[in-house]
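Working notes, beginning with the structure itself.
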Amino acid sequence: MNAGPPGAVPPGLPPGLPAAAARLQFRDPARARALGEALHRAVDRAVDRTGQPVTVMHVCGSHEQAIARYGLRASFPQALEVIMGPGCPVCVTDVPEVDEAVAMARQGLTVATYGDMLRVPGSGPSLGDVRGEGAPVEVVYSVADALALARHQEVVFFASGFETTAVATAAALLDDPPPGFQVLSAHKYIPPVMEIIAEMPGRRVQGFLAAGHAATITGSGVFEAFCARHRLPVVVAGFEPLDILAALVALVEQVARGSAEVDNRFPRCVSRQGNLRAQEILWRVFRPVGGRWRGIAHVPNGNLRLRDAFAHRDARRQHPVDPASLCQGAPSALAARCVCGNIMAGIAAPTDCPLFGGACTPDEPVGACMVSMEGTCRIWQQYGGQVRLGREPPLLPDPTGRTA
Ligand code: SF4
């Protein structure tokens, strides 16, 4: 599409719109149509080369939200399946991590955490449940809120999120926080879990969309060794509809060519080396350790824990919870039917779950994927109308020999 001379306001936009804002046309329908057509052509070429449908994975709840909210799947070629992997930090927070926070709250420690975490099930009651019983659990919207609380009392900040939010937690710890501020880290680091997905037996995934915000911190270069090791392409994508469509075109074109490279399609925020200052802050405070991601697997180097220099700020070390007291409850009959793990591993869709939209809803979630705003089940429930999700059974030859 011809966008006109630099600085010009494209047709159809309000007159007087600042030129800089007018250029931010990441939802332009004409461009979206053109990218949709390019995507169909790329998928056709990929199917010609590989002889099979194309399956790619994104690892970010914000990508799933944008895809569902803007109805992008309705425009995807039938031979393209875009699945969500373990891209919701709340969903992958493991049961013992929730149990630790619950145990601390029951000891009378003030636990401050993000609202989504209150309803994430542990092996027993959730943080919301014990809050209802009178335990001191506070909802915060940022680490800054938790710091403000800690000026008046001892506070355990139950911190979840990927490297993007972990940097904010790290920066808070380096900035002389109040004496009563401690962190119970459930932070996770995305690149190692991509290794797990890539090494899964029978893996269908032929390429990854990487999250633009996380790559803003780590840089796109963090994926280069992964691409070489697994012969899989990675394309860094932003979060507007055109960002996602353009990145999908680039990703499927790599599948069609048989190449496996890192391609940064979010250059307005992401560089190859990333934010070096943020990385320095992140790794000064946290060290990567192995640990379970809920429903998926043990992920080597997938959990971020505080370094020894911050032991006095580490709630896990200051208020150790007896591991024998964790994870003792058997899951309820409903929870036992939850397939969140398979969904986050990309081998099931929310609609494969018998509880989806019935026994499990955002008001009464059974599994973590229905709790978080970034959980696939919650997103699909919220936006509904999953038009032609690329999961139709393949057309089989008519046994009578007739053609349609
Ligand atoms: Fe789990 Fe609910 Fe999703 Fe089913 S619909 S997988 S029970 S979160």
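The values are calculated or read from the model by the stated rules, or taken from the named source; none is laboratory data. Please read these numbers as outputs of a predicted model, since none were measured by experiment. So basically every Cβ, Gly included, is an ideal-geometry build from the backbone, and we count neighbours across all protein chains shown.
Quick look at the values:
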| read-out | value |
| --- | --- |
| Test: residue in the stretch 185-194 that is in contact with an Asp or Glu (Cβ under 7 Å, 6 or more places away or on another chain) and not β-branched (Val, Ile, Thr) | yes |
| Residue among Ala336, Ala311, Ala324 that alone is at pLDDT 95 or above, loosely packed, with under 14 Cβ neighbours inside 10 Å and assigned to a helix (DSSP H, G or I) | Ala311 |
| Those residues of the stretch 340-355 which are within 6 Å of the ligand (Cβ to nearest atom) and buried (at least 23 other Cβ atoms within 10 Å of the Cβ), in sequence order | Cys340, Ile343, Pro350, Cys353 |
| Residue that is within 30 Å of Leu35 (Cβ to Cβ) and surrounded by fewer than 19 Cβ atoms within 10 Å (Cβ to Cβ), where the choices are Glu253, Glu280, Glu261 | Glu261 |
| Residues located in the stretch 61-93, provided they are farther than 22 Å from Ser160 by Cα and of a type in the set (Val, Ile, Thr) | Ile67, Val82, Ile83 |
| Val222 being in contact with a helix residue (DSSP H, G or I) (Cβ under 7 Å, 6 or more places away or on another chain), in a helix (DSSP H, G or I) and β-branched (Val, Ile, Thr) | yes |
| Residues (closer than 14 Å to Gly207 by Cα and among the acidic types (Asp, Glu)) located in the stretch 225-284 | Glu253, Glu261, Asp263 |
| Matching residues in the stretch 127-138 - criterion: being touching a helix residue (DSSP H, G or I) at 6+ places or on another chain (Cβ under 8 Å) and over 22 Å from Arg294 (Cα atoms) | Arg131, Ala135, Pro136, Val137, Glu138 |
| Only one of Val111, Val102 that is hydrophobic (A, V, I, L, M, F, W, C), part of a helix (DSSP H, G or I) and within 20 Å of His187 (Cβ to Cβ) | Val102 |
| Pair list, Cβ < 7 Å and 6+ apart or interchain, from the stretch 245-266 residues that are without any contact (Cβ under 8 Å) to a residue 24 or more places away in the chain to residues that are outside any helix (DSSP H, G or I) and of a type in the set (D, E, K, R) | Ala250/Asp263; Ala250/Arg265 |
| Answer residue from the stretch 358-374, given it is more than 14 Å from Gly128 (Cβ to Cβ) and more than 7 Å from the ligand (Cβ to nearest atom) and is nearest to the chain's Cα centre (by Cα) among those | Glu374 |
| Given (1) assigned to a helix (DSSP H, G or I); (2) in contact (Cβ under 8 Å) with a residue 60 or more places away in the chain, index of the condition Arg229 fails | (2) |
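Residues are listed down the side, and each one gets a yes or a no for (1) surrounded by fewer than 23 Cβ atoms within 10 Å (Cβ to Cβ); (2) farther than 29 Å from Arg316 by Cα; (3) basic (Lys, Arg):
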{"site": "Gly134", "(1), (2), (3)": "yes, no, no"}
{"site": "Arg151", "(1), (2), (3)": "yes, no, yes"}
{"site": "Val156", "(1), (2), (3)": "no, no, no"}
{"site": "Pro192", "(1), (2), (3)": "yes, no, no"}
{"site": "Arg204", "(1), (2), (3)": "yes, yes, yes"}
{"site": "Gly221", "(1), (2), (3)": "yes, yes, no"}
